[in-house]
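Bear in mind that the values in this text are calculations on the coordinates, not laboratory data. These numbers come from a predicted model, not from an experiment. In this analysis, Cβ positions are derived from the backbone assuming ideal geometry, glycine residues included, and neighbour counts consider all displayed protein chains.
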Amino acid sequence: MNKKVILKEYKEKLCEISAKEFEKNQIVLIGDCLIEKLDIQNLFPNTLIYNNGISGDTSSLLIKSLYKRAIKYKPSKLFISIGSNDMGFEDLNVKDIYRNIITVVEEVKRRSKDTEIHILSIVPVNPANMENVTRDYVDSRNNFDINMLNYYLKNYARKHRLKFVDITKNLKNDFDQLKIEYTIDGFHLNDLGYKVVSKTIKQFVG
C-alpha cells in the first residue's frame, strides 16, 4: 500500500473528473474506491449517473475537491461514501472522521441547496486468516469503529432529514464482518458484492 502512488493516481483521476463534460441536475456519486469501482454502465444501464469516486479518497481530500466533484454539478441527488480510508491511511478517530463527513454534507447543503443528499454506510472488513486477505488493508481498519461511525451517520441523517443508504446490512455476516464471498481481499468488493450494493442504491435512485 504505497501512499505516494495512491496520491499520484488520485491527482490524475481528479484532473480527469475536472475535465468532464456534464449536465447539471443529474445523479452524482462521490467517495473512495467503493464508488469508483462501481460499474455504472452495467449496473445502472438506463440511468444517467456521474461516478466521481476516486480510489484512496479520504474525508479531508473530499472536502478539498468537493466543488470539482459535486457542487459544480448541482446534482439532483448526491451519494456520498467516505470514511474507511481515514482509518486505513490517516489513522483518524471516529469523531474526527464524523466531523469531516458532516463538513462535506453541510458544504453541499450550503452551496447546492436543491440537492438531495444520501449518505452511504461504510463497509466493514473481513479479517479472516486466509491467503487472499490483504493484511495492510484489513488490519488498519477496525470494524467496531466502522459500526460506531455508521451509527453516528445514521442518527445525523435521521435528525437532519437526509437519506441514509445502508449498503452494509446485506454485506455483513453474523459477526458484523464483510462476508468473505463478497470480497476479493477482505476489503475491496467483488462483482457479487457490487450487485448487492447496486440493488440497495437503486431503491434511492428512481
Which whole-number percent is the relative contact order of the range 89-206 (Cα, under 8 Å, 6+ apart)?
-> 29
Dividing the mean separation of Cα pairs under 8 Å (6+ apart) by the residue count of the range 25-69 yields a relative contact order in percent of 47
What one gets for the chain as the Kirkwood radius, inverse of mean 1/r over different Cα pairs in Å, is 17.1
222 nm mean residue ellipticity, helices alone, for the chain (DSSP H n ≥ 4; -39,500 (n - 2.57); rounded to 500) | -13500 deg cm²/dmol
Along the range 184-197, what does the Karplus equation 6.51 cos²θ - 1.76 cosθ + 1.60 (θ = phi - 60°) give for ³J(HN,Hα), rounded to whole Hz, x for Gly and Pro?
-> 8, 8, x, 10, 6, 7, 9, 4, 5, x, 5, 5, 5, 4
Which whole-Hz couplings ³J(HN,Hα) result when phi for each residue of the range 56-67 is put into the Karplus expression 6.51 cos²θ - 1.76 cosθ + 1.60, θ = phi - 60°, listed in order with x for Gly and Pro?
-> x, 5, 10, 5, 5, 5, 5, 4, 5, 9, 4, 4
Here the range 71-78 yields Karplus 3J(HN,Hα) values (6.51, -1.76, 1.60; θ = phi - 60°; whole Hz; Gly and Pro given as x) of 4, 5, 7, 6, x, 6, 9, 10
Which residues qualify? For Lys172, with a placed amide H closer than 5 Å and at least 5 residues away or on another chain, they are Lys179
Amide H partners (placed H, <5 Å) of Gly83, local residues excluded | Ser59
Counting only residues 5 or more apart in sequence or on a different chain, those whose built amide H sits under 5 Å from that of Gly53 are Gly31, Glu36
As a percent rounded to 5, the proportion of antiparallel DSSP bridges among beta bridges in the chain is 10
Quick one: Lys13, Lys4, Lys68, fewest Cβ neighbours within 10 Å first, how do they rank?
-> Lys4, Lys68, Lys13
How large is the charge dipole for the chain, taken about the Cα centre, if only the Cβ atoms of Lys, Arg (+1) and Asp, Glu (-1) carry charge, to the nearest 20 debye?
-> 1040
Summed over the other residues with a beta carbon less than 13 angstrom from that of Glu36, with K and R at +1 and D and E at -1, the charge totals -3
